[in-house]
Amino acid sequence: MNAHTRLFVITLTLFLGGLTAAGSSDQIDILVDWESEASAARKAGVPLMVVFSNPDCTYCVRLKKQVLVPLVRGGKLPSKVLLREFSIDRGGKITDFDGERVRTRIFLKRYNIYATPTVVFVDYKGEPLASPIVGYNEPDAYSPNYSMKV
């Protein structure tokens with residue numbers, strides 16, 4: 001198991017198991033200004049979990065409905081990770097982690113986004129912390145038990 005995979009297993013296990021409750025909103029913020037999120041993540045000392053999605057993606061809807069919204073609704077995220085969504089169909093420019101304006105396609109290319117949903121854990125500088133999770137079939141892939149199989 002390489003270092004990125006090991007970090008992913010640890011992060012996913014922390015993310016899905018034994019988290020503290022705080023809040024009850026089931027809203028996942030869709031962002032275009034990553035500089036402000038980087039600042040919030042740095043201050044909180046937590047990573048960002050970025051869900052790259054597409055409004056027409058049925059698997060994205062299932063991931064949110066079956067995994068992410070229940071976690072948010074249960075208040076299990078705020079103290080461990082900032083969950084944010086980025087819609088890949090957005091054109092134009094966005095504000096990057098360093099405050100620079102970049103084209104959406106460059107942002108997507110940086111994380112090698114070729115399918116949705118793709119989940120990426122990044123630090124406050126936008127640096128990947130683990131290998132991405134590409135696609136979605138069943139909620140079991142996001143359970144702590146699954147992480148032990150990797």
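Values quoted throughout were computed directly from the atomic coordinates according to the rules given, and no laboratory measurement underlies them. In this text the structure is predicted, and so the values were computed from the model without any measurement. Because the Cβ atoms are built from the backbone with ideal geometry, glycine has one as well, and the counts that use them run over all protein chains shown.
Data table
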{"item": "Directionally averaged projected area (convex hull, Cα atoms, the range 48-102), nm²", "result": "4.5 nm²"}
{"item": "Enclosed volume per residue, in Å³, of the convex hull spanned by Cα atoms of the range 76-139", "result": "106 Å³"}
{"item": "12 Å beta-carbon shell around Tyr136, net charge (K/R +1, D/E -1)", "result": "+1"}
